[in-house]
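Have a look at the structure below, then the notes.
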Amino acid sequence: MARLVLFAILLATVVAASWIPLAQCAETVTCYNSGRKFDRAKIISAINSFCTNTINLSDGQKVEREFRFPYPETGHIDISAEARCSISVSPNECNRLLRRPTDECNTGGENGKQGGFVEDNCKKFKMDPNA
């Protein structure tokens, strides 16, 4: 009987640990810290324009878009799923993840942003105003 109870506790622990929401996975932010500097408002406008629908990707797929801030300067946003991974990203989650390198890099003021990316073992969100 004790073995059965121990097995049930172990099984419940494994199942509970496997149901970690996307937002709670270990995310790492990497800052570019080089290149031209852009106003935060222009980058946020590009992010808002990009993150309008749920994005579903799997097994190495990528969605990307180029932006002009203003002509002739361009920037680049992309989201990719690593091999053997499937992700479904809501507009709110897309916005949150792309804002992380915008807001957590170049923190000396609201402007002067150079971009970066946030990633975990299944996804990568890149905001590069210097592309």
Practice problem: Taking Phe125 as meeting all but one of (1) touching a strand residue (DSSP E or B) at 6+ places or on another chain (Cβ under 9 Å); (2) modelled with pLDDT of 95 or more; (3) over 21 Å from Asn33 (Cα atoms), write down the number of the exception. | Solution: (3)
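Residues are listed down the side, and each one gets a yes or a no for (1) out of contact with any Lys or Arg (no Cβ under 6 Å at 6 or more places or on another chain); (2) within 26 Å of Ser34 (Cα to Cα):
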position	(1), (2)
Phe50	no, yes
Leu57	yes, no
Val63	yes, yes
Pro72	yes, yes
Quiz item: Regarding Asn56, is this residue among the polar types (S, T, N, Q) and touching a strand residue (DSSP E or B) at 6+ places or on another chain (Cβ under 9 Å)?
Solution: yes
Quiz item: In the range 81-130, how many residues are of a type in the set (A, V, I, L, M, F, W, C) and either without any contact (Cβ under 8 Å) to a residue 24 or more places away in the chain or in contact with a Phe, Trp or Tyr (Cβ under 9 Å, 6 or more places away or on another chain) (or both)?
Solution: 9
Quiz item: Can you name the residue in the range 94-113 that is under 11 Å from Ile47 (Cα atoms) and surrounded by 19 or more Cβ atoms within 10 Å (Cβ to Cβ) and is also farthest from the chain's Cα centre (by Cα) among such residues?
Solution: Thr102
Quiz item: Restricted to the range 117-128, and to residues that are in contact with a helix residue (DSSP H, G or I) (Cβ under 6 Å, 6 or more places away or on another chain) and closer than 18 Å to Ser45 by Cβ, which residue is surrounded by the most Cβ atoms within 10 Å (Cβ to Cβ)?
Solution: Met127
Quiz prompt | Failed item, numbered, when Asp78 is tested on (1) free of Cβ contacts under 8 Å to residues at least 60 places away in the same chain; (2) of a type outside the set (S, T, N, Q); (3) in a helix (DSSP H, G or I); (4) surrounded by fewer than 19 Cβ atoms within 10 Å (Cβ to Cβ) | solution = (3)
Quiz item: What pairs can you find where one residue is in the range 31-54 and on the phi < 0 side of the Ramachandran plot and assigned to a helix (DSSP H, G or I), the other is surrounded by fewer than 18 Cβ atoms within 10 Å (Cβ to Cβ) and of a type in the set (D, E, K, R), and their Cβ atoms are less than 6 Å apart, with a gap of 6+ or different chains?
Solution: Arg40/Glu110; Phe50/Arg65
Quiz item: Looking only at the range 103-119, which residues are modelled with pLDDT of 95 or more and either farther than 24 Å from Asp39 by Cβ or not in a loop (DSSP other than H, G, I, E, B) (or both)?
Solution: Asp103, Glu104, Gly116, Phe117, Val118, Glu119
Quiz item: Which one of Pro72, Pro91 is in contact with a Cys (Cβ under 7 Å, 6 or more places away or on another chain) and either modelled with pLDDT under 90 or surrounded by 14 or more Cβ atoms within 10 Å (Cβ to Cβ) (or both)?
Solution: Pro91
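The values are calculated or read from the model by the stated rules, or taken from the named source; none is laboratory data. Just so you know, these numbers come straight off a predicted model, no measurement behind them. Positions of Cβ are generated from backbone atoms using ideal geometry, with glycine treated the same way; all protein chains shown enter the neighbour counts.
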